[in-house]
1. I'd like the full set of residues that are within 25 Å of residue 159 (Cα to Cα) and without any contact (Cβ under 8 Å) to a residue 12 or more places away in the chain, limited to the range 261-300.
2. What's the number of the only condition in (1) out of contact with any strand residue (DSSP E or B) (no Cβ under 7 Å at 6 or more places or on another chain); (2) over 30 Å from residue 131 (Cβ atoms); (3) outside any helix (DSSP H, G or I) that residue 37 fails to meet?
3. Report yes if residue 270 is assigned by TED's automatic domain parsing to the domain that holds residue 216 and either touching a strand residue (DSSP E or B) at 6+ places or on another chain (Cβ under 6 Å) or closer than 30 Å to residue 197 by Cβ (or both), otherwise no.
4. Go through the range 301-321 and give me each residue that's touching a residue at least 24 places away in the same chain (Cβ under 8 Å), over 30 Å from residue 253 (Cα atoms) and either surrounded by 13 or more Cβ atoms within 10 Å (Cβ to Cβ) or touching a helix residue (DSSP H, G or I) at 6+ places or on another chain (Cβ under 8 Å) (or both).
5. Within the range 466-501, track down each residue that is assigned to a strand (DSSP E or B) and over 26 Å from residue 239 (Cα atoms).
6. Considering (1) modelled with pLDDT of 85 or more; (2) in a helix (DSSP H, G or I); (3) surrounded by 14 or more Cβ atoms within 10 Å (Cβ to Cβ), say which one residue 236 fails and leave the rest.
7. Among (1) over 27 Å from residue 358 (Cβ atoms); (2) free of Cβ contacts under 8 Å to residues at least 60 places away in the same chain; (3) surrounded by 15 or more Cβ atoms within 10 Å (Cβ to Cβ); (4) in contact with a strand residue (DSSP E or B) (Cβ under 6 Å, 6 or more places away or on another chain), where does residue 68 come up short?
8. State which residue pairs qualify: first residue in the same structural domain as residue 315 (by TED's automatic domain parsing) and inside the range 238-258, second residue not in a helix (DSSP H, G or I) in any location, beta carbons under 7 Å apart, and separation of 6 or more residues or different chains.
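The values are calculated or read from the model by the stated rules, or taken from the named source; none is laboratory data. Because the structure is a prediction, the values reported are computed rather than measured. Neighbour counts are summed over all protein chains in view; Cβ atoms, including those assigned to glycine, are modelled from backbone coordinates with ideal geometry.
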């Protein structure tokens, strides 16, 4: 399992990092169910994997404090402690600055042709963190310590961005006040659009620091945070939703950008508006899917929330409003009752298919561990039998040649011919000895009957699961058009507002 998958799980499933965080039994149950679903049976037996889990927890709680962490016997013990030292007060700032200043050849100015960007290569980043990892006498946020030292070394302003990435450190000069000063006539328009920051600059930043894979995770998390906070926890009504949804989402995006990158709020407010615009539909598709997940488990609040879109007309303060409707592109209209059976069947089937795919992957890993030289145990043993038979034929041929040579030696009266026959006999004996050794080695390589039976049993399980998977995939295919129609009708309703009539 990748570190990014672990990191994403913690972001998606744990409460916000805090000193008062409590690891509950429910957290424990869900986490180890996640580990079981996504790894093989021996995953938790390897020290490197336990360290990877610990590092993921350390990274998650790093913004608020350091942790004492233990994982043993499918139990996690976790305690969060506040840092006792601010980065600016660390005695090690000067040493880090010296490391940076002493390796100018590993620093790229005017990165990607922009005079407001600096790139610190991975080699220098590693040297910095090798030193930081030796600090034992200071309880300080090490990532923030590195950022502070970088700011000191390059004499950066508070508005400048320092991003500590897994393979580099990226610096962007971002003096909002001077750089984005606009004339009064344009001010309101620009402030409303991307917080006054040039769109080309936002495009460049987005392209540089967001991969398509990370985009998908990022916007899934944004959707989940919105649904969890405002729908499932606060239970906002449809009127509050319509009034505030875009502001809530942009606020969540800004918050996540700051958590991911750096604390330059003005820049990330602008960036959040930009990436919300270009990923607008993706965000609402995630929200729609999460709402439909809640519909499947008959969440009463969600059912009532969705019923709003079947009201047609509502009256507020004596004024009539036309309510958004759940209408597909082909004009088909949906409501909670007509959606429910299709959504339940589709999501349940999709979940079953996902579990079957994971189960098949695990079984295939299990059977591959029994393979030898790319062959199944039965195929490998059959190959050994063929090699053993070939060996036996070679032994018979050598023994026949040996008998012929012995007979010829007895009859020969010529000394030269006798010497020649003796040499040939010696060579044949060596060949026979090698063949006997080869026979013994072939015999030792043979796979046990129990492993052969185990492989056959696993293959049968895989075949059965593949048949079930095909059946589930047929059900998905049969209902996909209807489900997509429901989802896109919901997306359309979620981005719409009531209209006065």
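1. 263, 265, 277
2. (3)
3. So residue 270 passes the test.
4. 310, 314, 316, 321
5. Matches in the range 466-501: none.
6. Of (1) modelled with pLDDT of 85 or more; (2) in a helix (DSSP H, G or I); (3) surrounded by 14 or more Cβ atoms within 10 Å (Cβ to Cβ), only one is false for residue 236: (2).
7. (3)
8. So the pair list comes out as 242/497; 242/498.
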